[in-house]
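S.K.: Sharing a structure, written as structure tokens. Questions coming.
The values are calculated or read from the model by the stated rules, or taken from the named source; none is laboratory data. Just so it is clear, the structure is predicted and the values come from calculations on it, not from any experiment. No Cβ is skipped: glycine too gets one built from the backbone with ideal geometry, and neighbour counts run over all protein chains shown. For the accessible areas, the whole protein counts, side chains as well, though only heavy atoms, and no ligand, DNA or RNA atoms are used. Shrake-Rupley method; radii C 1.70, N 1.55, O 1.52, S 1.80 Å.
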Amino acid sequence: MLQFTLSQQLNTHPYAFTATGIRVYSFEEAMYHVYHYWRESADDLLSDGLAAWVMDLGHNYQAARIKELRNVRTFTERMVGFLRLAPYFDDTEIAALTTELKQWESRREWEQLKERADAFLTRNDPAKAIPLYRRALQHGENVPLLNNLAVAYLRLGANGEAYRLLQRARVMEPNNLDLTLHYAEAAILTHQFDDAQQVLQQAATSSPDSATQAIVCYLHGLAVFEQNDFARALSFFEAAMQHDSSIPLYAMKIADTHLKMRQYDQALTALDRTPTRDEDYYIKQAEIHTACGNSPLAVRAIRQALERNNSAALWTRMAACYRQDYDFTRANEAITKALTLDPDSEPARMENARIKKSMGRTREYQAEMSNILRTLKTRYREHN
């Protein structure tokens, strides 16, 4: 049966969902997003922004009902109430989702928050996972929460915070092997090398399987890499590959080590030992080409990565390549695409500021830097 949308007019002002960054232009698109990303949409349903956007579309009844949903007692009722504001989903679809929502809601709140955070971490978006993990920890500390929050901080380079969290977790489960290995990595990255050495010896003796031995060799290599002993680092990373050649990280780190030694051909050769040609492979290839001053090949590598993932992060890398090659027009085009995909991306906003500065557009550079500083201050207040 033919179904008309609520609005028959073209809308040029989208609503961007906070957690996913996905932009929608119609009420039906918003409903589709909530149905398929209901975990990530939870906070938006309670926000003034969504109701205001729906009001701007001319859907006064739906906007008023969204505001009323804030007073609805359960998460399931709020979600289903929203999805019934227009005849978009049939009863079978609503019933199936209702069952899933009730099962999810019956779990403890910290588990729900962890599940939402884990989804962001799986998509390699640790910045959005961290606030959810921290909220979950308010209900009580446990090892899975402390470990995953620490992993998120490690991915953002906040190694000291990760180290402190993992210290607390190891008090609870000192014999947890995964936890021990994460702790060793955090210790290395905070230059607590004696501490790392001790726990790596514990890990090596507790599990003789090849996968564990490979990780231990890798972490030994990382420790001497951090101390700029690149020759020894290579031997450890090669040993890791001998134990388990299926892990791309080990070949990547061999390439990294050659790159540190300015052995660019060897770095590319090492990179070709990775078992997959994925996004990370082409990013590393671009990094090597950039280091040896070959911007055209770096750009080509990023284009190949973009074929696999059209992300703001990759367009930001593309913009940086063009900027470093003094092609500011293409740099500006690339960063515009990045910010279209993710207007709140801090790396993209920083690169945008650098491009404006390189182009001599000082006022725009200063304005963007002020906006970034305000965002950082706000985030700091929220986390402390």
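S.K.: Looking only at the stretch 112-168, which residues are free of Cβ contacts under 8 Å to residues at least 40 places away in the same chain, of a type in the set (Lys, Arg) and under 19 Å from Ala42 (Cα atoms)?
M.R.: Lys114, Arg123, Arg135
S.K.: Starting from residues that are more than 19 Å from Ala312 (Cα to Cα) and part of a helix (DSSP H, G or I), keep the ones in the stretch 347-368 and report whichever is most open to solvent (accessible area, probe 1.4 Å).
M.R.: Looking at residues that are more than 19 Å from Ala312 (Cα to Cα) and part of a helix (DSSP H, G or I), I get Arg363.
For (1) crowded, with 18+ Cβ neighbours inside 10 Å; (2) within 25 Å of the chain's Cα centre (by Cα), each residue gets a yes or a no:
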site	(1), (2)
Tyr218	yes, yes
Leu222	yes, yes
Asn228	no, no
Arg232	no, no
Ser235	no, no
His243	yes, no
Ser246	no, yes
Lys253	yes, yes
Leu271	yes, yes
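S.K.: Same structure again: For the stretch 2-16, indicate whether the set of residues that are touching a His at 6+ places or on another chain (Cβ under 6 Å) and either aliphatic (A, V, I, L, M) or at pLDDT below 90 (or both) is non-empty.
M.R.: To start, the set of residues in the stretch 2-16 that are touching a His at 6+ places or on another chain (Cβ under 6 Å) comprises 6.
Of the ones still in play, those that are also either aliphatic (A, V, I, L, M) or at pLDDT below 90 (or both) are 6.
Looking for residues that are touching a His at 6+ places or on another chain (Cβ under 6 Å) and either aliphatic (A, V, I, L, M) or at pLDDT below 90 (or both), one finds at least one in the stretch 2-16, hence yes.
S.K.: Quick check on this structure: which one of Glu287, Glu279 is touching a Lys or Arg at 6+ places or on another chain (Cβ under 8 Å), of a type in the set (Asp, Glu) and under 30 Å from Pro343 (Cβ atoms)? Can you show your working first?
M.R.: Working: Glu287 fails: touching a Lys or Arg at 6+ places or on another chain (Cβ under 8 Å).
Result: Glu279 is the single residue among Glu287, Glu279 that is touching a Lys or Arg at 6+ places or on another chain (Cβ under 8 Å), of a type in the set (Asp, Glu) and under 30 Å from Pro343 (Cβ atoms).
S.K.: Restricting the stretch 327-346 to residues that are at pLDDT below 90 and open to solvent by less than 60 Å² (accessible area, probe 1.4 Å), which is farthest from the chain's Cα centre (by Cα)?
M.R.: Out of the qualifying residues, it is Pro343.
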